[in-house]
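**Q** For reference, the structure I am asking about is given below.
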Amino acid sequence: MSRIEEALEKAAKLRVDTTSVSQTSHNFPKRHVPPPVNGERLELKNQLLVTAIDPHTQAAEEYRKLKSVVVKLTKSASFLNMLMVTSSIGSEGKSVTAANLALSLAQEFDHTVLLVDADIRKPTLHTYLGIENKVGLSDCLLDGVDVKDALIRTGAGKLSFLSAGRSVSNPVELFTSQRIKDFFLEMKNRYHDRYIIIDTPPVLPFAETRSLSAIVDGIVLVAKEGLVTLHNIEEAMECLKGTAMLGIVYNEAAPEFHPDRYQYCREASA
Ligand SMILES: Nc1ncnc2c1ncn2[C@@H]1O[C@H](COP(=O)(O)OP(=O)(O)OP(=O)(O)O)[C@@H](O)[C@H]1O
Ligand SMILES: [Mg+2]
């Protein structure tokens, strides 16, 4: 039995909670929800958020191309609004890709975007955005906090952000529960006119991403050049078989040599 199968079997055994968010929210004490930074414009400083910091670079242009492809693939007869960004293994650039994709969607006039950090094990989106991880996804799931009270309007275009929230001891249990499925389906319906971009843990080491992949409308798989192997990607694709795969982002790829593009060097390979 492979490591993934073992993890999934373990997760299935732990899958004891089948109660929906709406059914359970009244059972949990409401946590105090601090006011979000709504209305104030966040000062984005992280250089990795090129779409906001450096919109005229080739790297930002690559994210805009990604955005155009995503829009083309998801704005069909029915709007496929809930998308997940993942990768085969860790540190391939999921969070950077999710943030830049969400920012470039949010910069477009008619797209309101929700960016969700569903990597409760290792949340980083809030650090990239320069926001505290106070109340977020886990608090919505475990304490019945209403998602609209936890969303932070960033002021960067029409981008709102749901951070990961407090750490939980067993994310697999939470992510394979009926509660999280109901939560995201409720979110998808409530915000049916907006893109919801979900940042997740990598597919191969953890079971929760596979569980989420069955709920979302589309998956973007990030593959980092020089880090991930073809075998890893094949294994991840196997895990995601039957889900709505939109495509692969080849991240941090060395740019092809071209005199005009030479100056962009590594930056151009987003
Ligand atoms: N397009 C890019 N250009 C330059 N550096 C990048 C790019 N993408 C990722 N990185 C580098 O890789 C690091 C990890 O990126 P990121 O946090 O997005 O990975 P991740 O896949 O979300 O990691 P984890 O599995 O830990 O959640 C970044 O902090 C940055 O240094
Ligand atoms: Mg990450």
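The values are calculated or read from the model by the stated rules, or taken from the named source; none is laboratory data. Small disclaimer: the values here were computed from a predicted structure and weren't measured. Here the Cβ is made from the backbone with ideal geometry for all residues, glycine too, and neighbour counts use every protein chain on show.
**Q** What do you reckon, is Leu48 of a type outside the set (Asp, Glu), under 18 Å from the mean Cα position of the chain (by Cα) and within 16 Å of ligand 2 (Cβ to nearest atom)? Show your work before the answer.
**A** Values: of a type outside the set (Asp, Glu): yes; under 18 Å from the mean Cα position of the chain (by Cα): yes; within 16 Å of ligand 2 (Cβ to nearest atom): yes.
Yes: the conditions hold for Leu48.
**Q** Name every residue in segment 124-152 that is away from ligand 1 (no atom under 16 Å from the Cβ) and hydrophobic (A, V, I, L, M, F, W, C), in order of residue number.
**A** If the condition is that a residue be away from ligand 1 (no atom under 16 Å from the Cβ) and hydrophobic (A, V, I, L, M, F, W, C), then Val135, Cys140, Leu141, Leu142, Val145, Val147, Ala150, Leu151, Ile152 are the ones that fit.
**Q** Could you tell me which residue of segment 64-100 is farthest from Glu235 (Cα to Cα), considering only residues that are β-branched (Val, Ile, Thr) and within 15 Å of ligand 1 (Cβ to nearest atom)?
**A** Here is the first cut: in segment 64-100, the ones β-branched (Val, Ile, Thr) are 69-71, 74, 85-86, 89, 96-97.
Now restrict to residues that are within 15 Å of ligand 1 (Cβ to nearest atom): 85-86, 89, 96-97.
Values: Val85: 17, Thr86: 13, Ile89: 10, Val96: 23, Thr97: 21 Å.
This residue is Val96.
**Q** All but one of (1) in contact with a helix residue (DSSP H, G or I) (Cβ under 8 Å, 6 or more places away or on another chain); (2) without any contact (Cβ under 8 Å) to a residue 12 or more places away in the chain hold for Asn100; which doesn't?
**A** Of the numbered conditions (1) in contact with a helix residue (DSSP H, G or I) (Cβ under 8 Å, 6 or more places away or on another chain); (2) without any contact (Cβ under 8 Å) to a residue 12 or more places away in the chain, the odd one out for Asn100 is (2).
**Q** From the list Leu66, Leu80, Leu129, Leu141, pick out the single residue that is among the aliphatic types (A, V, I, L, M), within 18 Å of the chain's Cα centre (by Cα) and within 16 Å of ligand 2 (Cβ to nearest atom).
**A** Numbers: Leu66 fails: within 16 Å of ligand 2 (Cβ to nearest atom); Leu80 fails: within 16 Å of ligand 2 (Cβ to nearest atom); Leu141 fails: within 16 Å of ligand 2 (Cβ to nearest atom).
Residue meeting the stated conditions: Leu129.
**Q** If we scan segment 39-57, do we find a residue that is assigned to a loop (DSSP other than H, G, I, E, B) and modelled with pLDDT under 65? Full working, then the answer.
**A** Quick first cut of segment 39-57, residues assigned to a loop (DSSP other than H, G, I, E, B) only: 39-49, 54-57.
Imposing the further condition that a residue be modelled with pLDDT under 65 reduces the set to 39-40.
There is at least one residue in segment 39-57 that is assigned to a loop (DSSP other than H, G, I, E, B) and modelled with pLDDT under 65.
**Q** State all residues of segment 84-94 that are crowded, with 24+ Cβ neighbours inside 10 Å and touching a helix residue (DSSP H, G or I) at 6+ places or on another chain (Cβ under 9 Å); if no residue qualifies, say none.
**A** Passing the criteria: Met84, Val85, Thr86, Ser87, Ser88.
**Q** In segment 101-123, which residues are over 11 Å from the mean Cα position of the chain (by Cα) and near ligand 1 (Cβ under 9 Å from one of its atoms)?
**A** Passing the criteria: Arg121, Lys122.
**Q** Quick one: which helices (runs of 4 or more DSSP H) lie wholly within segment 153-270 and hold at least 3 residues that are modelled with pLDDT of 95 or more and within 16 Å of ligand 1 (Cβ to nearest atom)?
**A** Numbers: elements: 171-175, 178-190, 208-213, 230-239.
Where helices (runs of 4 or more DSSP H) fall fully within segment 153-270 and carry at least 3 residues being modelled with pLDDT of 95 or more and within 16 Å of ligand 1 (Cβ to nearest atom), they are 230-239.
**Q** Tally the residues that are out of contact with any strand residue (DSSP E or B) (no Cβ under 6 Å at 6 or more places or on another chain) and aliphatic (A, V, I, L, M), restricting the search to segment 104-121.
**A** The qualifying residues number 1.
**Q** For the condition within 26 Å of Ser87 (Cα to Cα) and either in contact with a Gly (Cβ under 6 Å, 6 or more places away or on another chain) or basic (Lys, Arg) (or both), what is the one hit in Lys148, Lys122? Walk me through how you get there before you give the answer.
**A** On the way: Lys148 fails: within 26 Å of Ser87 (Cα to Cα).
Sole residue among the options that is within 26 Å of Ser87 (Cα to Cα) and either in contact with a Gly (Cβ under 6 Å, 6 or more places away or on another chain) or basic (Lys, Arg) (or both): Lys122.
**Q** Follow-up question, since we're still on this one. Which pairs turn up if I take residues in segment 200-213 that are closer than 18 Å to Glu92 by Cα and of a type in the set (D, E, K, R) and look for partners that are within 10 Å of ligand 1 (Cβ to nearest atom) and part of a helix (DSSP H, G or I) with beta carbon separation below 9 Å, at least 6 apart in sequence or on another chain?
**A** That search, which allows pairs on different chains as well, returns nothing.
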